[in-house]
Each structure stands twice: as C-alpha cells, then as structure tokens.
Amino acid sequence: MRPYRVVDAFSAVPFRGNPVAVVLQADGLSAAQMQAIAAWTNLSETTFHLTPTEAGADYRLRIFTPNSELPFAGHPTIGSAHALIEAGLITPQDGLVVQQCAAGLIPVRQEGDQLTLRLPEPRFRDLTASEAAELADLLGAPLARGSAPAVVDVGPLWVVADLGSAAAVTALTPDLARMARFESAVGAGGVTVFGRKPEGGIEVRSFVPSDGVAEDPVCGSGNGAVAALRMRAGELGEGARYLATQGRCVGRDGEIAVSVEGGRIFIGGRAVTTVTGQVAV
C-alpha cells in the first residue's frame, strides 16, 4: 500500500481546479506499474514521489498521463509540492523546495498559500502558413491578426495560438478528432489558445485529444507556453504580472498567476487536497 492523495491545483476551492493524483513514497514501483496506476486514475496526470538522485533536489517526481510519461507539467508540479509539504515529507527552506524531474531541477516557491514554479527555458518552432491555416480551420475561429502561432517546448510541447479576445476563446467548439491528427503532424502534445479580457488578464483553454484528454481544465505548462510566446512577441517584459483564468468552459474556474522575473517565467497558484488514502500496488 502507498499513501495517495488527489490535489486540486490552481484553486483553493475543492473540485474547482485541475486534479492531480499523487502517489507518495513510490520508490520501488516500476514504470509499468506507474503507467497502469495513471491509466486507472484516468486523470490528466498522475505523479509519483521518489527519492532524488541529483544534488540540490528535495524530491524526484515522475509524471504520467493515462497513456504516456511527461518530462514536466505545471499543475502536477504545484499539486505534488502541495501534497508533499502537507504530508510533512518535504520542508521548504527559506520558502523554497526543488523538484527533480525529467526536464531538470524545478524550483518551487511557497508564499503563504500560493506555490510558484519556475518554468523550464522555452524553445520555439513557428508554424508554417499552411499549418496556421489548418489550425484556424479546425478551431473554427480566426487567429488574431498579426499573431505568430508556434510550437512551444516547455517540457510538454504545445501549439500556442492567440485568438485575440477571451470571448473568442470561450466560444470555441474545435474539431477534436482533427486536432489530434494535427498535433501528431506538427510534433506537439496539445493545443493551447488564449485571448485578452476587457478587465485585464487573459482567458486560456488547452486541448490534448491526441493523449485522450479532450480539454485540460487548468494547465500550468500551457499557460507557461502562452507567456513564453507573449514574451517573445514583446508583449511581456521584465516585471510583468498578470492573472490567467482557465476552466470556465468545463466548470472549473481555475486561476494562474504569471510573472516574469530575471528573464524567466514563473507560474503560480493555490492548491487544495480533496482525497487522502492509500493505493494498493
């Protein structure tokens, strides 16, 4: 038996954020066992807490979708750090813990009830004109005029597109079967779109049909990829801060705090444990 928790990330209200299943003290489990547990939970991600193997790390995390392993993901990082701190398995030093994962060492800062991670350095590949046209067609909505959609690699690879307004984002009814084929064709794991709200901040939606997740409720890496694209376009500079909302279309209402510090992107939010127990392995 292994200790097990489900944590809603990017919300302080139970059942409003994005749930991640966290298996604590998972040393000794094989990759096949981890994948089987992740398929069973059927959440967008399930994580496994392991003893670190790199100097400077407080813990090691492996992250699985129902179908595959990820090098890094945002809401699992926030949710797992919350679970480990709450369980007393790690203790922040000067408000900081360091996660080891396949994408490297990820610092996670605790400030009050908010946890904030530093995004891995992003890499970009611009979509071709024909790829951008196909994306707009399968979304059923035009891309923002003058925008440059791209595949953004932040561990997970996201196709990121600017739709201009939050209203355009929430109105989407994309062709998910076609989107799954598009994701595979361009070498990405999902599609994240965003648009600006009149009162400030942005609305975001993330779709991952190629991995069996129609819509990810509140996505840390997707929001990080959006911030990276906006930063590259000159829309965000040093010291920029904004609040992104995501999940309204699937009844979740998550909130993600995004900032740029020292030329790096930081993704933050609150978390709440909704399930505690044990999983039989």
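Just so you know, all these numbers are worked out from the coordinates, no wet-lab data involved. The structure displayed is predicted, hence computed values, not measured ones. Ideal geometry is used to build each Cβ from the backbone, glycine not excepted, and the neighbour counts take in all protein chains shown.
Net charge dipole, segment 123-266: roughly 180 debye, given to the nearest 20, about the Cα centre with Cβ charges of +1 for Lys and Arg and -1 for Asp and Glu.
When only Cα pairs below 8 angstrom with a gap of at least 6 residues are kept, the chain shows a relative contact order of 23 percent. Taken along its three principal axes, the alpha carbon spread of segment 132-205 comes to 36, 26, 20 Å, from the longest extent down to the shortest. Here the Debye sum runs over all C-alpha atoms of segment 16-68 as equal scatterers in vacuum, and log10 of I(q)/I(0) at q = 0.15, 0.22 Å⁻¹ comes out as -0.41, -0.77. Relative to the dominant Cα principal axis of the chain, helix 220-232 is inclined by about 40°.
Hey, how much of the P(r) for segment 175-281 falls beyond 22 Å, as a percent of Cα pairs? Display every interim value, and only then the final one.
Numbers: 2288 of 5671 pairs.
Every Cα pair in segment 175-281 considered, those over 22 Å come to 40 percent.
Seen against the Cα atoms of the chain and their longest principal axis, helix 74-86 is set at about 20 degrees. Across all Cα atoms of the chain, the radius of gyration (one decimal) and Dmax (whole number) stand at 17.8, 54 Å.
Against the chain, whose longest principal axis is taken from its Cα atoms, helix 31-41 shows a tilt of about 70°. What's the local net charge at residue 34, with K and R +1, D and E -1, over the other residues with C-beta under 9 Å away? Neighbour charge sum, excluding residue 34 itself: 0.
Each Lys or Arg adds one and each Asp or Glu takes one away; over the other residues whose Cβ falls under 14 Å from the Cβ of residue 9, this sums to -3.
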